[in-house]
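Peer 1: Submitted below is the structure of interest, expressed as structure tokens.
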Amino acid sequence: MKISLSPATPEAWSGSVLALGIPKDDPQDLVAAMERRFDLQLSAWLKQKPFTGKSGDLASLQLLRSDCTALVLVGLGDAAEVDRNSLRKAAAAAARAANGQSGSLALHLPWGSEDPAGDAIAAAEAVRLSLYSDLRFHSKPEPKPCPDQLELLGQWPAGIDAALAAIQPVCAGVELARELVAAPPNSVTPSELANTAEALAKDHGLELKVLERSDCEAKGMGSFLSVCQGSDMDPKFIHLTYRPSDAVHKRLVLVGKGLTFDSGGYNLKVGAAQIDMMKFDMGGSAAVFGAMRAIAELQPAGVEVHMLVASCENMINGSAVHPGDIVTASNGTTIEINNTDAEGRLTLADALVYASELKPDAIVDLATLTGACVVALGDEIAGLWSGDDGLSEALESAASNAGEGLWRMPLHSSYRKGLKSLLADMKNTGPRPGGSITAALFLKEFVEAGIPWAHIDIAGTVWTDKGRDLNPSGATGYGVRTLVNWVLSQASTAAA
């Protein structure tokens, strides 16, 4: 999609679909202007809908004209409360209304903030990502026509066009994450994730190292390797690196959980656990893959970024790990596996030890880790655990700018007693109450002391059944934009 800024007014713009944001308390200036331009009794028609301009209101009208074929009005709610998220939602609604029509889409919204470039980026991302459609597995795909040009109408300050260059790489990263999560487990295997990393390295100038089973054994990754004992698929430990062209001032590590399918092992998922959806248990790895794709193209200065994914399947056969087995992680910690369905933290444990050995300035891991997080925060907000205030605040700011819900959760050390084992250094799960907190505390054990670290649980946000805002039904690509924003912010501070 070609994206551009235009000084044209709604009255003068000519193209396929014209979309206007209308506040609830709008004095009807725009509506009156459209009545004059198109010779319509628009006010009377909107009253019949009814359309009052409240958030969520939408009215779409086909026009038998050559200068504009459709008019879309999107409610913004109270004018005083319109913020960037309001603009993002309105842009997504306009894009959905325009889906099915080819040509150009013009979007006129109240770009009134102190950061018009940020508003333009948010709206443009929302349009592109709302129009995403995954037809890869249809035998006879029938793609809908959709706009191939987006013009953002407004009186734009000079010099902000350059900011639009980030839109396409970031959206491509989100789309890559969506495709990885949505693909079935017989398509996205650990080996296929490694192949994806190889393609990214080749196409975008990244460095790649893939550790095979024997390499992981040599490094003592008994925690990670225990998870894949019952799978016919070989595990892959994937390490992608972005190196800037200038001096490195900060080294960052992104870690993603990479379970391409999770049966639960001998603690088999049953009932409401929806085992058929456990293909999305690699949503954390998809997010870091998507982020690395965008970062490689954006080429932030001064920051070196490493991506780690310990990828495997959690399956059952005669060799599968038993509940009650004791394994040893690569830092020497012994773990009693009291629940084989708490496998993601076992893979992340060795990944976090490896990450610490890189001596980074910060580590951030993303994982579809616990159902407890979904119970606490639902499907719109991910949980954030960290003992570092500066890192937490930077991630919260990055998520806010991306419009991705993120909420910092407590990391009380007193909950650590729930992980005590009679026979080993620790168990892999604690009691049911506070399950997402004990999961984070488990991970913390494998991060070297003194390294800022944050854990983001995306179990609820990785998928949407009904679609919401800029996410069509299916995989959301959650986390890509937050991670990219965070890395870019670290590049800015490194430059300073």
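Peer 1: I'd like to check something: does region 197-212 contain any residue that is of a type outside the set (Phe, Trp, Tyr), buried (at least 24 other Cβ atoms within 10 Å of the Cβ) and within 27 Å of the chain's Cα centre (by Cα)?
Peer 2: Taking region 197-212 as the starting set, the residues that turn out to be of a type outside the set (Phe, Trp, Tyr) are 197-212.
Narrowing further to those that are buried (at least 24 other Cβ atoms within 10 Å of the Cβ): 197.
Checking the rest, the ones that are also within 27 Å of the chain's Cα centre (by Cα) come to 197.
Checked against the condition, which is being of a type outside the set (Phe, Trp, Tyr), buried (at least 24 other Cβ atoms within 10 Å of the Cβ) and within 27 Å of the chain's Cα centre (by Cα), region 197-212 yields at least one hit.
Peer 1: What residue, among those in region 58-76 that are part of a loop (DSSP other than H, G, I, E, B) and touching a Phe, Trp or Tyr at 6+ places or on another chain (Cβ under 9 Å), is nearest to Val17 (Cα to Cα)? Steps first, answer last, please.
Peer 2: Step one: of region 58-76, the residues part of a loop (DSSP other than H, G, I, E, B) are 63-69.
Next, only the ones that are touching a Phe, Trp or Tyr at 6+ places or on another chain (Cβ under 9 Å) stay: 63, 65, 67-68.
Numbers: Leu63: 10, Arg65: 11, Asp67: 10, Cys68: 6 Å.
Among those that are part of a loop (DSSP other than H, G, I, E, B) and touching a Phe, Trp or Tyr at 6+ places or on another chain (Cβ under 9 Å), it is Cys68.
Peer 1: Which residues, counting only those in region 44-68, are under 24 Å from Ser14 (Cβ atoms), modelled with pLDDT of 90 or more and hydroxyl-bearing (Ser, Thr, Tyr)?
Peer 2: Ser60
Peer 1: Could you check, for region 126-137, whether at least one of its residues is at pLDDT 95 or above, crowded, with 22+ Cβ neighbours inside 10 Å and assigned to a strand (DSSP E or B)?
Peer 2: There is no residue in region 126-137 that is at pLDDT 95 or above, crowded, with 22+ Cβ neighbours inside 10 Å and assigned to a strand (DSSP E or B).
Peer 1: When residues of region 99-118 are filtered for being modelled with pLDDT of 95 or more and assigned to a helix (DSSP H, G or I), how many remain?
Peer 2: Result for region 99-118: 0.
Peer 1: Could you check region 368-483 for helices (runs of 4 or more DSSP H) lying wholly inside it with 1 or more residues that are over 24 Å from Ala94 (Cα atoms), hydroxyl-bearing (Ser, Thr, Tyr) and touching a residue at least 60 places away in the same chain (Cβ under 8 Å)? Spell out the reasoning first.
Peer 2: Values: elements: 371-377, 389-402, 435-444.
Result: 389-402, 435-444.
Peer 1: Filter region 252-262 for residues that are in contact with a Leu (Cβ under 9 Å, 6 or more places away or on another chain) and not hydroxyl-bearing (Ser, Thr, Tyr) and give the result. Even if it seems obvious, please write down each step before you answer.
Peer 2: Residues of region 252-262 in contact with a Leu (Cβ under 9 Å, 6 or more places away or on another chain): 253-258, 260.
Result: Val253, Leu254, Val255, Gly256, Lys257, Gly258.
Peer 1: Moving on to the next point. Among the residues of region 309-321, is there at least one that is within 25 Å of Leu391 (Cβ to Cβ) and surrounded by 24 or more Cβ atoms within 10 Å (Cβ to Cβ)? Don't jump to the end; show me each part of the working.
Peer 2: Within region 309-321, the first condition is being within 25 Å of Leu391 (Cβ to Cβ), and the residues that meet it are 309-310.
Pick out the ones that are also surrounded by 24 or more Cβ atoms within 10 Å (Cβ to Cβ) and you get 309-310.
There is at least one residue in region 309-321 that is within 25 Å of Leu391 (Cβ to Cβ) and surrounded by 24 or more Cβ atoms within 10 Å (Cβ to Cβ).
Peer 1: Do you know which of the residues in region 222-251 that are touching a Leu at 6+ places or on another chain (Cβ under 7 Å) and not hydrophobic (A, V, I, L, M, F, W, C) is nearest to Ala320 (Cα to Cα)? Give the steps one after another, and end with the answer.
Peer 2: Step one: filter region 222-251 for residues touching a Leu at 6+ places or on another chain (Cβ under 7 Å), giving 223-224, 226-227, 235-242, 251.
From the residues that got through so far, the ones that are not hydrophobic (A, V, I, L, M, F, W, C) too are 223, 226, 235-236, 239, 241-242, 251.
Details: Ser223: 13, Ser226: 8, Pro235: 14, Lys236: 17, His239: 26, Thr241: 32, Tyr242: 36, Arg251: 37 Å.
This residue is Ser226.
Peer 1: Any residue that is over 20 Å from the mean Cα position of the chain (by Cα) and within 30 Å of Leu71 (Cα to Cα) - is there at least one of those in region 162-176?
Peer 2: Of all residues in region 162-176, those over 20 Å from the mean Cα position of the chain (by Cα) come to 162-163.
Next cut, within 30 Å of Leu71 (Cα to Cα) only: 162-163.
Among the residues of region 162-176, at least one is over 20 Å from the mean Cα position of the chain (by Cα) and within 30 Å of Leu71 (Cα to Cα), which makes the answer yes.
Peer 1: Here's something else I'd like to know. Go through region 138-174 and report how many residues are closer than 25 Å to Met292 by Cβ and out of contact with any strand residue (DSSP E or B) (no Cβ under 8 Å at 6 or more places or on another chain).
Peer 2: So in region 138-174, the residues closer than 25 Å to Met292 by Cβ come out as 162-174.
So of that shortlist, the ones also out of contact with any strand residue (DSSP E or B) (no Cβ under 8 Å at 6 or more places or on another chain) come out as 162-163, 165-166, 169-174.
Residues flagged as closer than 25 Å to Met292 by Cβ and out of contact with any strand residue (DSSP E or B) (no Cβ under 8 Å at 6 or more places or on another chain) within region 138-174 amount to 10.
The values are calculated or read from the model by the stated rules, or taken from the named source; none is laboratory data. Bear in mind the structure is a predicted one, so any value in this text is a computation, not a measurement. No Cβ is skipped: glycine too gets one built from the backbone with ideal geometry, and neighbour counts run over all protein chains shown.
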